[in-house]
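Visitor: Sharing a structure, written as structure tokens. Questions coming.
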Amino acid sequence: SSIWVCRPLVFPGELDGMAPKRHGGCATAKAKAKAQGSHGRAAGVRGASINQVDAVIREAASPDGGDVPADERPTKRRQLGRRSSDAQVERALLDKFKDIPEALWRHKVNAQGLTVHEYLKRGMKEAHASGGRLGTQFWSEVYRVFGLNESAAELLADPPAEDPVSKDLLMAMVAAKCGNPAGTPSARLERFLETCAPLNKAEVYGLLRGTVAGPGLPQSTAARCQVAILRYFARTRAHEMYADYWSVMKEQLCLALRWVFADMSEGGVSTAVFMHCFHGPLSLYHNMDDMKLVIASSKDIEQVAPQIRRIVHESVVGRQMFSTAWVKASRFFYRQEAEQGVASLVDHGFDAKEVQSFRLLMGRQCDALVEMGHGRFERVETTMKHMGVEVRVSVETPEDEAQFRLLAAIKACGVNSGALPLLPWEQVLFKPGEVPSTPVFVSVPQDLLELVQPARQALLEMMPADTVSIPDMLKFVQGKKSLLFKLDRSFSLDLSFLENKAEELLRRRMDEAVLSCLPTADQPVTMVEANKRLCTLKGTDMYRACSPSLQGEVNTVQDLVRSLLSNYAPQVPSPDKCSSFFKLILKRVEMFLRVDDVLVEPEPSASGQRVSAQTKTLVGPAAMKHQFEYVREAMELGSGTVTLSECMSFKLYPWMLDPEQTRQAQSWIVSLSRSACNQRAIANGDEGTDAALLSLRKFNSASGGYAPGSGASSSSAAAPTAPSMSKRTAAGKKEKRDEDACAEMMKFFMGKNKSA
């Protein structure tokens, strides 16, 4: 099988200047010497991670370890010391030549054909054998042998001889070179370059060569002059006109810009202020939108980690400006590598060689993080995927970032395949094969399952049988967490899932179950059937696992259905006070209202045969609209064919009407009830109109109708529906029967005592 290999976290030159600076003073010369020694040791380990990661990749790619020395193979975690190795040589070179463009020394060779790297490695071996050290004399010899005292300006091509040179430019450069270093001798040159016309090639050539630091030009003055050149280039786009000169001097000028930033940073100038003041020079090296985004997102570094990586790879000044941010962002890329590695392991079925390679590479990249400035033992909050959802968990070491992700994948795949026993809350939330974003047919090796089995088995044995609700489970597990963590440190993933995600997932499943009990436009369900389904749902383990508040929401939905089933107007809060889930419930409840509407009136055929009408069933808002329009037309005509039963839906579903429709519906009910009471009173010889109207007023002022249980029951199983067109034409012939029905219906609009 193929070996999984991840991209190295760091690259050559990436760690130069990455570690944040530390400032402090020492009281004695001895303390100063000690501090300088510790600083040298800290600087010496900066570049080690590059060769370490390369060695790991070579070993992973070769079954026998390749050309990696045996002492460099990661058999166990150990503290790296100073050794005569390629890593130590690289660290020393990056530290000594940090102010020299790498292109000037990386590929140079001496008279014997040795590169700087090889020459320094040989010198280190000789010094180690004699018990000495590499001092100033050795490094001076390195500079002389390899010609490192030359600047990049010496590589510039000669300009045309006929190009004139401005006298003002010459005088400004003379002032910079001969002025008092204690003042600002570069001021005249800086002012000249701010407003001068575009310079010719000879002038640019002399300007670049004449501002290099040397015996006659201090580093501070040279740096300010070179930054002024960068401002001029940004203003006139001279780097595009003289691209050959720019390609040679680009790194040298960037070092000057870094020197200015370090000087201003020590004085207290923030990175944001420096970026604003030196916007032009920085724009020659970076996309300024990236820098602005990083500055604006300083509190959430992980969101701008890709931008930070681009900046630190584009120039040394960007690396210096965002060194601390890069240390933080590097953790983000480490997590990305870990997630991609775990995904690859799952795809390959947790192959043993792949798992070993993953752990090896993550361990090496962890060492790289530590060398960049991360603590070896430091508690960090992070998020990772567990059982298909993101959970937040604390890790104590960088290794835990990768190890916990691996164990989370093992648990999810083991639960989904049935190889691991389900924890009590997992039994409620999942079934084998239902874990989100997790493959079903991945077989986890037994040796990996044994890493997570002890804690799960112990919890299943300890938890009482009567602990059925999520809050009770959480309370019990929190009391046993110290014991469970001893069996499996990654159990913090399960605890975090139980604390922060279990109730949310249970609510989601319960909401789906409740909605499945109610009708839709395409799947009609009667009120009796809906009530039966809700009763069945309340007898499940999922309902018993819910918190009291969630159980109360389910009970509210059942009370609503029972009220409609008994023809009682439910108490429904105003829409602005309803939760989004309850609004969805009301939309489903509206589907109980159904009306058969005649679309085409039947016409007799030529043969005299009867033709049936074509009908369509209206559901929900369409049914309410049809019924309201029918009642409105009938009341305006004053035909007397409208009964109180046809207005019942206005009281059972008050949230489906706007305020004006509600007011009009109430006036219709008052008018119809007065007529029905008078006719009943005349027939019975009593006076019941005033009592009925008084009861009706109480009904209309009770926020949408009677509360459940406040009126007499009815044998009707659903809201009355509007009659079809054919029934309306026959309404006049059944007037007496309708009046009796209206009088009978009045018992729903009267108090219990009066109706009795």
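The values are calculated or read from the model by the stated rules, or taken from the named source; none is laboratory data. Note that the coordinates shown come from a computational prediction; the quantities given were computed from them, not determined experimentally. Virtual Cβ from ideal backbone geometry, glycine too; neighbours counted across all protein chains shown. Just the protein is used for accessible areas: all its heavy atoms, side chains included, with ligands, DNA and RNA removed. Shrake-Rupley method; radii C 1.70, N 1.55, O 1.52, S 1.80 Å.
Visitor: Could you pull out every one of the helices (runs of 4 or more DSSP H) wholly within the stretch 282-361 that has 3 or more residues that are open to solvent by 10 Å² or more (accessible area, probe 1.4 Å) and either touching a residue at least 24 places away in the same chain (Cβ under 8 Å) or closer than 30 Å to PHE441 by Cβ (or both)?
Guide: 305-314, 316-321, 323-347
Visitor: Can you tell me how many residues in the stretch 239-271 are in a helix (DSSP H, G or I), farther than 22 Å from VAL174 by Cβ and among the aliphatic types (A, V, I, L, M)?
Guide: 8
Visitor: What single numbered condition from (1) in a helix (DSSP H, G or I); (2) open to solvent by less than 10 Å² (accessible area, probe 1.4 Å); (3) touching a helix residue (DSSP H, G or I) at 6+ places or on another chain (Cβ under 7 Å) fails to hold for ARG456?
Guide: Failing condition for ARG456: (3).
Visitor: Looking at (1) polar (S, T, N, Q); (2) open to solvent by 50 Å² or more (accessible area, probe 1.4 Å); (3) out of contact with any Phe, Trp or Tyr (no Cβ under 8 Å at 6 or more places or on another chain); (4) in contact (Cβ under 8 Å) with a residue 24 or more places away in the chain, which is the one condition that is false for SER270?
Guide: Of (1) polar (S, T, N, Q); (2) open to solvent by 50 Å² or more (accessible area, probe 1.4 Å); (3) out of contact with any Phe, Trp or Tyr (no Cβ under 8 Å at 6 or more places or on another chain); (4) in contact (Cβ under 8 Å) with a residue 24 or more places away in the chain, only one is false for SER270: (4).
Visitor: Can I ask one more? Taking the stretch 108-157 as the search range and keeping residues that are more than 25 Å from CYS254 (Cα to Cα) and aromatic (Phe, Trp, Tyr), which one is surrounded by the most Cβ atoms within 10 Å (Cβ to Cβ)?
Guide: That would be TYR119.
Visitor: For the stretch 174-210, give me each residue that is among the β-branched types (Val, Ile, Thr) and over 15 Å from ALA157 (Cα atoms).
Guide: Within the stretch 174-210, VAL174, THR184, THR195 qualify.
Visitor: Looking only at the stretch 617-646, count every residue that is assigned to a loop (DSSP other than H, G, I, E, B) and in contact (Cβ under 8 Å) with a residue 60 or more places away in the chain and tell me the total.
Guide: So the answer is 5.
Visitor: Being of a type in the set (A, V, I, L, M) and farther than 30 Å from LYS501 by Cα: is that true of ALA530 here?
Guide: Taking the combined requirement at face value, the residue does not satisfy it.
Visitor: A follow-up question, please. Check LEU448 against each of (1) part of a helix (DSSP H, G or I); (2) without any contact (Cβ under 8 Å) to a residue 60 or more places away in the chain; (3) open to solvent by less than 80 Å² (accessible area, probe 1.4 Å) and name the one condition it does not meet.
Guide: The failed condition is (2).
Visitor: Would you confirm, using the coordinates I've provided, whether VAL572 is of a type in the set (A, V, I, L, M, F, W, C), open to solvent by less than 50 Å² (accessible area, probe 1.4 Å) and outside any helix (DSSP H, G or I)?
Guide: When the stated conditions are applied, VAL572 passes them.
Visitor: Separate question: State whether the residues of the stretch 408-417 include one that is touching a Cys at 6+ places or on another chain (Cβ under 8 Å) and under 21 Å from ASP347 (Cβ atoms).
Guide: No: the stretch 408-417 contains no residue that is touching a Cys at 6+ places or on another chain (Cβ under 8 Å) and under 21 Å from ASP347 (Cβ atoms).
Visitor: Let me ask something else about it. Can you confirm whether the stretch 662-671 contains a residue that is free of Cβ contacts under 8 Å to residues at least 24 places away in the same chain and small (Gly, Ala, Ser)?
Guide: yes
Visitor: Tell me which residues, restricted to the stretch 434-445, are within 26 Å of the chain's Cα centre (by Cα), open to solvent by less than 40 Å² (accessible area, probe 1.4 Å) and closer than 16 Å to ASP347 by Cβ.
Guide: Within the stretch 434-445, THR438 is the sole residue that qualifies.
Visitor: List every residue pair whose Cβ atoms lie under 6 Å apart, where the two residues are 6 or more positions apart in sequence or sit on different chains, the first residue falls within the stretch 147-164 and is more than 16 Å from TYR242 (Cα to Cα) and of a type outside the set (A, V, I, L, M), and the second residue, located anywhere, is open to solvent by less than 100 Å² (accessible area, probe 1.4 Å) and modelled with pLDDT of 80 or more.
Guide: From residues that are more than 16 Å from TYR242 (Cα to Cα) and of a type outside the set (A, V, I, L, M), the pairs are SER151/VAL212.
Visitor: Scan the stretch 548-569 for residues that are closer than 23 Å to SER649 by Cβ, open to solvent by less than 20 Å² (accessible area, probe 1.4 Å) and either part of a helix (DSSP H, G or I) or of a type in the set (Phe, Trp, Tyr) (or both) and jot them down.
Guide: Matches in the stretch 548-569: VAL557, GLN558, LEU560, VAL561, SER563, LEU564.
Visitor: With the requirement that a residue be part of a strand (DSSP E or B) and open to solvent by 10 Å² or more (accessible area, probe 1.4 Å), what does the stretch 384-426 give you?
Guide: Correct list: LYS385, VAL389, GLU390, ARG392, SER394.
Visitor: Would you point out which residue out of GLN664, GLN609, GLN679, GLN627 is among the polar types (S, T, N, Q), at pLDDT 70 or above and over 23 Å from ASP596 (Cα atoms)?
Guide: Only one candidate passes the filter, namely GLN664.
Visitor: Which of the residues belonging to the stretch 245-263 are open to solvent by 40 Å² or more (accessible area, probe 1.4 Å), out of contact with any helix residue (DSSP H, G or I) (no Cβ under 6 Å at 6 or more places or on another chain) and farther than 24 Å from THR195 by Cα?
Guide: Selection gives SER247, GLU251, ASP263.
Matching residues to (1) acidic (Asp, Glu); (2) closer than 21 Å to MET387 by Cα; (3) in contact with a Lys or Arg (Cβ under 7 Å, 6 or more places away or on another chain):
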site	(1), (2), (3)
ARG489	no, yes, no
LEU498	no, yes, no
GLU512	yes, yes, no
LEU537	no, no, no
PRO548	no, no, no
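Visitor: Yes or no: LYS431 among the basic types (Lys, Arg) and open to solvent by less than 10 Å² (accessible area, probe 1.4 Å)?
Guide: no
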